[in-house]
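The values are calculated or read from the model by the stated rules, or taken from the named source; none is laboratory data. Note that this is a predicted model, so its numbers are computed, not measured. Virtual Cβ from ideal backbone geometry, glycine too; neighbours counted across all protein chains shown.
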Amino acid sequence: MLEKRRHNHTEGIKLGIACTPLMFEIEHFSDDVTLIKTATPMEDRNPIMWAIAYRVGNILIDAGCPNALDDIEKYAATEQIEEVYVTHPHEDHYGGCSAFAPGSTIYAAEPDIEILKNPPTLPEFFQFVWGQPKPLEEVEKLPSKFSVGDLDFEVVPLPGHMQHMVGFYEPHRKWLFSADAVPLPTRKFIAMPEENIPVMVQTMQKLVQMDIEVLFDAHKGPVRSPAQHIQARIDFIVETQKKALKLHVEGKSIEKIQEILGLEGPWYIGLTEYRFRIDHFIKSLLFDKAEK
Ligand SMILES: [Zn+2]
């Protein structure tokens with residue numbers, strides 16, 4: 001199915017037309033917060049996965065996926081966005097930034113600025129799912145805090161999914177814009193090479209302790225009173241880690257551990273060219289360390 005669609009998609013690009021209209025939706029959460037949702041649709045017209053950028057006043061937190069760039073550019077042309085704050089350099093978060101440059105200031109964590117200026121060429125599967133970001137000429141270093149009207153944001157490090165990933169916390173409203181700090185599936189067992197799962201768990205444990213009324217997740221959308229939502233994900237990973245460590249001590253191979261734990265990937269996992277892997281996840285559980 002994907003082969004055919006990918007072929008059509010490539011054909012569409014060659015012809016200069018998108019054969020499947022890409023998805024761009026605006027959803028108001030409150031007077032202050034608007035969701036800008038972008039995605040590539042499946043054949044049934046449902047999104048493969050939403051990438052959600054959040055607008056607060058005249059700033060954006062992330063900028064959507066590059067496949068929706070035409071719509072993002074139309075949005076950028078009619079709306080006054082002054083600043084874009086990038087949480088981390090994955091294509092579904094910064095891929096829409098080029099639509100706002102050079103009119104808006106783009107901010108990113110200092111070690112990630114180079115990635116935004118020279119995006120890596122993505123495997124074909126991710127070009128299909130999210131799209132290939134365009135390079136940005138100017139990217140500024142993230143400040144430690146910033147204000148939007150009467151809202152005051154603290155930049156909070158959220159390592160694990162990516163080393164330098166950040167979120168934005170607003171203490172008066174108790175809002176956390178959490179990027180990809182909390183995995184979408186309740187049972188996470190696939191990891192990317194840049195993920196450090198013990199550090200991800202440590203970050204989630206910090207989030208459970210924080211006073212958060214709304215967690216603005218970049219794929220799930222707003223989650224109110226998120227402690228249970230986060231704890232369920234911690235529990236599954238910690239439980240899996242215990243079992244994996246026990247099997248590892250008994251001398252079982254990674255492959256065998258995966259088999260015994262019954263962790264099976266989705267049908268498309270091979271198409272990701274190993275960017276998504278179950279053995280990355282198990283190895284990270286066994287060998288990566290949480291930070292002191
Ligand atoms: Zn990400």
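The set of residues in the range 78-117 that are closer than 16 Å to residue 38 by Cα, in a helix (DSSP H, G or I) and away from the ligand (no atom under 16 Å from the Cβ) comprises 98, 99. Somewhere in the range 111-129, is a residue within 17 Å of residue 40 (Cβ to Cβ), touching a Gly at 6+ places or on another chain (Cβ under 6 Å) and of a type outside the set (S, T, N, Q)? Looking through the range 111-129, none of the residues is within 17 Å of residue 40 (Cβ to Cβ), touching a Gly at 6+ places or on another chain (Cβ under 6 Å) and of a type outside the set (S, T, N, Q). Among the residues of the range 118-135, those that are closer than 15 Å to residue 64 by Cβ and part of a loop (DSSP other than H, G, I, E, B) comprise 119, 130, 131, 132, 133, 134.
When the range 156-182 is limited to residues that are under 25 Å from residue 288 (Cα atoms) and hydrophobic (A, V, I, L, M, F, W, C), the one that is surrounded by the fewest Cβ atoms within 10 Å (Cβ to Cβ) turns out to be 156. For the range 118-131, state whether one or more residues are among the β-branched types (Val, Ile, Thr), modelled with pLDDT of 95 or more, closer than 20 Å to residue 275 by Cα and within 15 Å of the ligand (Cβ to nearest atom). No, the range 118-131 has no match at all.
Among the residues examined, residue 255 does not qualify as away from the ligand (no atom under 16 Å from the Cβ) and in contact with a Phe, Trp or Tyr (Cβ under 8 Å, 6 or more places away or on another chain). Taking the range 157-177 as the range and being within 11 Å of the ligand (Cβ to nearest atom) and farther than 16 Å from residue 284 by Cβ as the test, only 158 passes. Being among the acidic types (Asp, Glu) and modelled with pLDDT of 95 or more is the filter here; which residues of the range 230-278 pass it? Scanning the range 230-278 gives 235, 239, 250, 255, 259. Restricting attention to the range 180-206, the residues being more than 16 Å from the ligand (Cβ to nearest atom) and either in a helix (DSSP H, G or I) or more than 17 Å from residue 241 (Cα to Cα) (or both) number 5. Scanning the range 215-243 for residues that are more than 26 Å from the chain's Cα centre (by Cα) and surrounded by 12 or more Cβ atoms within 10 Å (Cβ to Cβ) gives a single hit, 243. Residue-level analysis places residue 147 among those that are surrounded by fewer than 14 Cβ atoms within 10 Å (Cβ to Cβ) and at pLDDT 95 or above. Of all the residues in the range 244-272, those that are under 21 Å from the mean Cα position of the chain (by Cα) and surrounded by 17 or more Cβ atoms within 10 Å (Cβ to Cβ) number 2.
Cβ-Cβ contacts under 8 Å between residues 6 or more apart (or on different chains), taken from a first residue in the range 208-223 that is at positive phi to a second residue that is within 16 Å of the ligand (Cβ to nearest atom) and assigned to a loop (DSSP other than H, G, I, E, B), are listed as 221/50.
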